[in-house]
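Here the structure is laid out as structure tokens; the discussion comes afterwards.
The values are calculated or read from the model by the stated rules, or taken from the named source; none is laboratory data. Computed from a predicted structure; not experimentally measured. A quick note on method: Cβ atoms are made from the backbone with ideal geometry, for glycine too, and the neighbour counts reach across all protein chains shown. Side chains are part of the model used for accessible areas, which takes the heavy atoms of the whole protein and leaves out ligands, DNA and RNA. Shrake-Rupley method; radii C 1.70, N 1.55, O 1.52, S 1.80 Å.
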Amino acid sequence: MLAFSTCWNNSRHSDGEEMVDEILELGFDHLELSHGMTIAKLPGLQRAYQAGKFTCVGVHNYFPSPTEVMIDAPDAYEFTSYRPNERERAMTMTLKTLDIAAEFEASYVVLHMGSIPQMPHKKWTGKLTTMVKDGEQDNTDYVKHKLKCVKKREKHGPLYFERACNTLETLAERAAELNLKLAIESRSKYEDMPTEREMVALQERFKDHPNVVYWHDFGHVQLKHNLGLLDHADWLRKMQPYLFGAHVHDVEWPARDHRVPFTGELKYDELFPFFPKDAPLTWELSPTRKAEQISSALEIWKKLYPETLVKNMRAPNTPNP
């Protein structure tokens, strides 16, 4: 099921309904309401939804954005934080997100689970990325740094994994009451929670709880693929039993993601067969991508993957209801 994330044009609008209308003009009417949304835009979104302009397939935590956070920062508060007040704020805002997702009759809420505070990104995944950009991925120094990164991550991971899982147990109870899936997203940074090993452990831990599922991010996983931390197709094959849906975007080698589909290196034909037939496939694109490029890619998509189109998907520039 094809959908589109509001992360693309959220920053350009002060009114939620106008934001929706711009996406409708591209040809999408199934939307994911993304993070970074100010509460001031909520009334406009509610008007558009109540008018039947769009179907909400899902919501990305935090929605709306915490009022004290002035930028789009989905990781402003983390479940893994060593500060109890930040963990409490993360829980409070996530519970609020779940309630609003239910109001919009969403089927899922995408969650980030946190990170390892002892591992600043620039020193670890950031350094690996820089070395790959410089063509050093086959050098001994690169291999040594990657192994050092893995060892440090494994050393510090257990404490934060438990914090994340303890939080998830509480959230899963509320999600069950609201009939929502908690979609645990694959991350692009190795210091984020969970790693691939931890993701398998998390899904196994909650295997008897149908509200906890795996959310695949094509760009995030491809970035790790490009760093030699995993194989994209093998990872999807392993996660197939837990797979619910995905953020779809493309990647320009080696580390520019959130590009428009068919403009980068991803081979969707090799990866889509792992997905359930009714999986939500939500385009999550950078605000820098042009409307014309998106509309062109959508036409290609319709020809290649017509089975993902819902019956009421409108043609580009069709007048709103």
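Considering only HIS249, HIS258, HIS232, the mean-square fluctuation computed in a Gaussian network model of the chain, springs between alpha carbons under 10 angstrom, is largest for HIS232. Across the chain, Cα-Cα pairs more than 26 Å apart make up 46 percent of the total. Using θ = phi - 60° and the Karplus curve 6.51 cos²θ - 1.76 cosθ + 1.60, what whole-Hz ³J(HN,Hα) does each residue of segment 79-86 get, with Gly and Pro shown as x? Calculated HN-Hα couplings, in order: 5, 9, 4, 7, 9, x, 5, 6 Hz. Within the chain, the longest run free of exposed loop sites, counting chymotrypsin sites (Phe, Trp or Tyr not before Pro) that sit outside DSSP helix and strand states (H, G, I, E, B) and have at most 15 other Cβ atoms within 10 Å, spans 83-261. Applying the Karplus relation 6.51 cos²θ - 1.76 cosθ + 1.60 with θ = phi - 60° to segment 92-101 yields 3J(HN,Hα) values of 4, 5, 5, 4, 5, 4, 4, 4, 5, 4 Hz, where x marks Gly and Pro.
Modelled this way, with points 7 Å down the Cα-to-C-beta line, the labels at LYS96 and VAL143 are 5.0 nm from one another.
With all distinct Cα pairs included, what does the Kirkwood hydrodynamic radius of segment 181-266 come out to in Å, to one decimal, could you say? Don't skip to the end; give the middle numbers.
Values: mean 1/r = 0.0763 Å⁻¹.
Final number for the Kirkwood radius of segment 181-266 is 13.1 Å.
Using R₀ = 51 Å, calculate the FRET efficiency as 1/(1 + (r/R₀)^6) where r is the Cβ-Cβ separation of GLU270 and LYS155; round to 0.05. So, using R0 = 51 Å, E works out to roughly 0.90. Sorting the Cα pairs of segment 173-229 by distance into bins of 5 Å, from 0 upward, gives 4, 19, 25, 22, 15, 10, 4, 2, 0 percent per bin. Between the listed residues PRO117, HIS258, GLY52, the Cα displaced farthest toward the positive end of the dipole of the chain, a dipole computed from Cβ unit charges relative to the Cα centre, is found at PRO117. Give me the net charge for the shell around HIS60: Cβ to Cβ below 9 angstrom, other residues only, Lys and Arg +1, Asp and Glu -1. Neighbourhood net charge equals -3. Can you tally the net charge around SER115? Count Lys and Arg as +1, Asp and Glu as -1, for every other residue whose Cβ sits under 9 Å from the Cβ of SER115. Summing Lys and Arg as +1 and Asp and Glu as -1 gives -2.
Would you please classify the overall shape of segment 138-283 from the alpha carbon gyration tensor, given that a ≥ b ≥ c denote the square roots of the eigenvalues, rounded means a/c under 1.5, and beyond that prolate means a/b larger than b/c while oblate covers the rest? Note, shape of segment 138-283 comes out oblate. Multiplying the residue separation of THR67 and HIS121 by 0.36 nm and subtracting their alpha-carbon distance yields 16.8 nm. The charge dipole of segment 88-150, taken about the Cα centre with unit charges on the Cβ atoms of Lys, Arg (+1) and Asp, Glu (-1), comes to about 440 debye, rounded to the nearest 20.
Amide H to amide H distances under 5 Å link ASP250 with HIS258, ARG259, VAL260, where only residues 5 or more positions off or on other chains count and H is placed in the peptide plane.
ILE71 contributes an accessible area of around 120 Å² to the protein surface, as traced by a 1.4 Å probe with all chains present. In sequence order, segment 281-295 has phi-based couplings of 10, 9, 5, 10, 10, 5, x, 7, 6, 7, 4, 4, 5, 5, 4 Hz under the Karplus curve 6.51 cos²θ - 1.76 cosθ + 1.60, θ = phi - 60°, and Gly or Pro positions carry x.
Taking amide H as placed 1.01 Å from N in the peptide plane, the amide H of PHE244 sits under 5 Å from that of TYR214, HIS216, each at least 5 places away or on another chain. Here segment 49-97 is treated with +1 on each Lys and Arg Cβ and -1 on each Asp and Glu Cβ, and its dipole about the Cα centre works out to around 200 debye. Less than 5 angstrom separates the built amide H of PHE28 from none of the residues sequence-distant by 5 or more or on a different chain.
The residues packed around GLY126, meaning those with a beta-carbon under 12 Å from its beta-carbon, carry a net charge of +4 if Lys and Arg are +1 and Asp and Glu are -1. Only the Cβ atoms of Lys and Arg (+1) and of Asp and Glu (-1) were treated as charged; on that basis the dipole of segment 179-321 about its Cα centre amounts to roughly 360 debye.
Given a Förster distance of 41 Å, report the FRET efficiency between TYR82 and THR288 from their Cβ-Cβ distance, rounded to the nearest 0.05.
Result of the calculation: an efficiency of 0.75.
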